[in-house]
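Each remark here refers to the structure printed beneath this line.
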Amino acid sequence: NFWKFYFFITSYFSFIGFLFFLIFSYFIGEKLYEVTMGSEKDAQRFVWDEFTGMWISCFPLFFFDNQLDWLLISFLIFRYLDIRKPGLIGRIDRKQSSRAVMLDDALSGLITAFLVTAIYLLFIFSN
């Protein structure tokens, strides 16, 4: 029973810590962009938004088996969405603000997290 409790507590606090880290990194990235890039629109040398979006897309992996396989799938889906910028992601990207720079990648990460979770669940329940 001790080990079950230990696993639950460490998993819970790791989950909460990661969630806090994601939220913190988003807002830090927004401020960093304002300070370092000024009015430059989505500067190629500023990659904090990419990191944050990818971290968000990896959030469900916390609960998956074979995380390395799913990490690759998450990366490919995230990059596709980040490059193509379909729908709302593209509309956000066209806005001129530090919030838009961070938000388009955060939304790409959220959509990726949802898609990867759906694919994972389909894969698990089909077997």
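The values are calculated or read from the model by the stated rules, or taken from the named source; none is laboratory data. What you see is a predicted model; the values in this text were computed from it and never measured. Using ideal geometry, Cβ is built from the backbone for each residue, glycine included, and neighbour counts are taken over all protein chains shown. Side chains included, ligands, DNA and RNA excluded: accessible areas come from the protein's heavy atoms. Shrake-Rupley method; radii C 1.70, N 1.55, O 1.52, S 1.80 Å.
Annotations
- The residues in region 92-116 that are of a type in the set (S, T, N, Q) and modelled with pLDDT under 95 can be counted, and the count is 3.
- Scanning region 76-105 for residues that are aliphatic (A, V, I, L, M) and open to solvent by 60 Å² or more (accessible area, probe 1.4 Å) turns up Leu76, Ile83, Leu88, Leu103.
- Candidate set from region 54-75 (those that are of a type in the set (S, T, N, Q) and open to solvent by less than 100 Å² (accessible area, probe 1.4 Å)); member that is nearest to Thr10 (Cα to Cα): Gln67
- Among residues of region 106-122, those that are more than 12 Å from Trp55 (Cβ to Cβ), open to solvent by less than 40 Å² (accessible area, probe 1.4 Å) and touching a Phe, Trp or Tyr at 6+ places or on another chain (Cβ under 9 Å), counted: 2
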